[in-house]
Amino acid sequence: MAATRVLIVDDDLNIQRVLVFTLKQEGFEVLVASDGATGVAMATEQKPDLILMDVVMPGIDGYAAVQQIRAAEAAGQHVPIIMLAAESDVGQRVRGLRAGADDDIVKPFHPLELMARIRALVSRATSGGARAGAAPALGRVCAFYGAKGGAGTTTLALNAAIALTRELKRRTLLMDANLQFGDLRVFLDLGLDTSSLVEAMDETDLDADLLKRLTVAHKSGVDLLLAPPNPAAGDIVVERHRTDPEQLGRVLATARQQYDYTLVDMATSIDDFDLALFDAADVIFVVMTADLSCIKNVRLVLETMQHLGYARSKVQLILNRSTAATGINVKAIEQALERPIDHQVINEYRAAISALNSGEPFMLTRPDGTLGRSVAAFAKAIDAVAVAEATAELEAQSQRR
Ligand SMILES: Nc1ncnc2c1ncn2[C@@H]1O[C@H](COP(=O)(O)OP(=O)(O)O)[C@@H](O)[C@H]1O
Ligand SMILES: [Mg+2]
């Protein structure tokens, strides 16, 4: 198969150099233009498979260049274009997309992130939307575990999933592992007549396509693997896990292959099924609020995790509703727990509850509200860690070679 040809249009020599180097290393063939006019000419003559377009350039800028490239395209032709934006300005982003770009990435970006975007676009272009040949997924499994009911576990898992999908362009699966009382159907106003974890736990020859079919595509772009529709169906999953403890691992392994993130919304119990989820997870987010019973529970949970032999970094504390006036501040909690709080999400009761009552997550309707920004910051933080670890893993692999 011929190498994928990428055209870089950027006047900054340093950026050119970095991009040429990374792209070549990834096996791409690279063409370079240092200004908009040359970029348009090369795009029409050379017909690259994808274009990386800087926004600010002397002469015609990136927007105008994209418009000219689109205008010159024949019907049915569409070269994927990623804008290299100078800042994460919403207006700039919209302008780029309006001009005809397919995606954008803000400088400075991580090379791995850019590669993921490139691969996603190229595969979409060549397969007409199917996911065949897509970039290897990050494959992170993140468990969300509430120190007590009502701490905001479902709220955070759901809205973080939406932030990862929409703001960070990650393929994300949200799995409702609350076997008895799964809430996602309520949060998202979905009926009971959909497939769920029950079917997934029943298929020993589960593959990516089948898993995909068992999920429900939410309009946010997040795929949902729903909880059993009722407690009796939940018991089937428990029984299934007892007779075949490997199946849950198969489901998660299949999810890892095609999703960057699998976020698991867990019940507050600690039974065999929950323990298996803890084991399989790359990271466990323990969701708490600033009250004494939560702090007491978190201590127990942390002790349990320590007994299980988990690394300190595998278990992360999220203080939800951190700005609520409870009389217990972050410092006091950290002292009581003898460890730092890793993430905080602010308190905004009205946004949270109206989202719940309307079936529309706030990350979808008001991503720029204070609560939306707070959860988005959390999503960004976990993504940075995941990308750093994936990069370290890649480097370790290439050193072994
Ligand atoms: N950051 C927040 N600020 C204000 N209210 C919140 C916040 N997070 C969650 N809530 C509210 O707390 C309640 C419990 O949330 P939920 O996600 O169902 O908790 P859990 O899944 O831990 O039982 C809901 O009414 C939700 O709207
Ligand atoms: Mg819940």
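The values are calculated or read from the model by the stated rules, or taken from the named source; none is laboratory data. Note that the coordinates shown come from a computational prediction; the quantities given were computed from them, not determined experimentally. Cβ placement follows ideal geometry from the backbone for every residue including glycine, while neighbour counts extend to all protein chains displayed.
A few points about this structure:
- Where helices (runs of 4 or more DSSP H) fall wholly inside segment 173-252, the ranges with 1 or more residues that are among the small types (Gly, Ala, Ser) are 197-202, 208-214, 231-243.
- Of note, Ala281 satisfies the criterion of being away from ligand 1 (no atom under 14 Å from the Cβ), of a type outside the set (Lys, Arg) and out of contact with any Asp or Glu (no Cβ under 7 Å at 6 or more places or on another chain).
- Condition check for Ala37: over 26 Å from the mean Cα position of the chain (by Cα) and loosely packed, with under 15 Cβ neighbours inside 10 Å: no
- In segment 257-269, the condition of being modelled with pLDDT of 95 or more, more than 16 Å from ligand 2 (Cβ to nearest atom) and in contact with an Asp or Glu (Cβ under 7 Å, 6 or more places away or on another chain) is met by no residue.
- Boolean, Thr391 is surrounded by fewer than 17 Cβ atoms within 10 Å (Cβ to Cβ) and touching a residue at least 40 places away in the same chain (Cβ under 8 Å): yes
- Against the criterion of being buried (at least 16 other Cβ atoms within 10 Å of the Cβ), out of contact with any His (no Cβ under 8 Å at 6 or more places or on another chain), among the β-branched types (Val, Ile, Thr) and modelled with pLDDT under 90, Val216 qualifies.
- Test result for Ile341, in the same structural domain as Glu303 (by TED's automatic domain parsing), among the aliphatic types (A, V, I, L, M), modelled with pLDDT of 90 or more and touching an Asp or Glu at 6+ places or on another chain (Cβ under 9 Å): yes
- Any hit, segment 338-357, residues being within 28 Å of Val238 (Cβ to Cβ), in contact with a strand residue (DSSP E or B) (Cβ under 8 Å, 6 or more places away or on another chain), touching a residue at least 60 places away in the same chain (Cβ under 8 Å) and buried (at least 17 other Cβ atoms within 10 Å of the Cβ): no
- Answer from Leu225, Leu173 - the residue that is in contact with an Asp or Glu (Cβ under 6 Å, 6 or more places away or on another chain) and modelled with pLDDT of 90 or more: Leu173
- Scan of segment 138-162 for residues that are in contact with a strand residue (DSSP E or B) (Cβ under 9 Å, 6 or more places away or on another chain), small (Gly, Ala, Ser) and within 7 Å of ligand 1 (Cβ to nearest atom), ordered by number: Gly146, Ala151, Gly152
- Residue pairs whose Cβ atoms lie under 7 Å apart, sitting 6 or more positions apart in sequence or on different chains, and linking a residue in segment 247-276 that is assigned by TED's automatic domain parsing to the domain that holds Ala157 and under 17 Å from Pro228 (Cα atoms) to a partner that is within 16 Å of ligand 2 (Cβ to nearest atom) and charged (D, E, K, R), are Asp265/Asp176; Met266/Asp274; Ala267/Asp274; Thr268/Lys148.
- All positions within segment 341-362 that are outside any helix (DSSP H, G or I) and within 8 Å of ligand 1 (Cβ to nearest atom): Val345, Ile346, Asn347, Glu348
- Meets criteria (assigned to a strand (DSSP E or B) and either farther than 25 Å from Thr194 by Cα or of a type in the set (S, T, N, Q) (or both)) for Val264: no
- Whether a residue is touching a helix residue (DSSP H, G or I) at 6+ places or on another chain (Cβ under 9 Å), of a type outside the set (Phe, Trp, Tyr), in the same structural domain as Leu13 (by TED's automatic domain parsing) and farther than 17 Å from Ile8 by Cα was assessed, and Arg95 passes this test.
- Residue within segment 308-322 that is touching a helix residue (DSSP H, G or I) at 6+ places or on another chain (Cβ under 7 Å) and aromatic (Phe, Trp, Tyr) present: no
- Against the criterion of being away from ligand 1 (no atom under 15 Å from the Cβ), farther than 24 Å from Asp183 by Cβ, more than 23 Å from the chain's Cα centre (by Cα) and surrounded by 22 or more Cβ atoms within 10 Å (Cβ to Cβ), Ile328 does not qualify.
- Gly149 meets each of the listed conditions (1) more than 30 Å from Phe109 (Cβ to Cβ); (2) more than 15 Å from ligand 2 (Cβ to nearest atom); (3) part of a loop (DSSP other than H, G, I, E, B); (4) modelled with pLDDT of 90 or more apart from (2).
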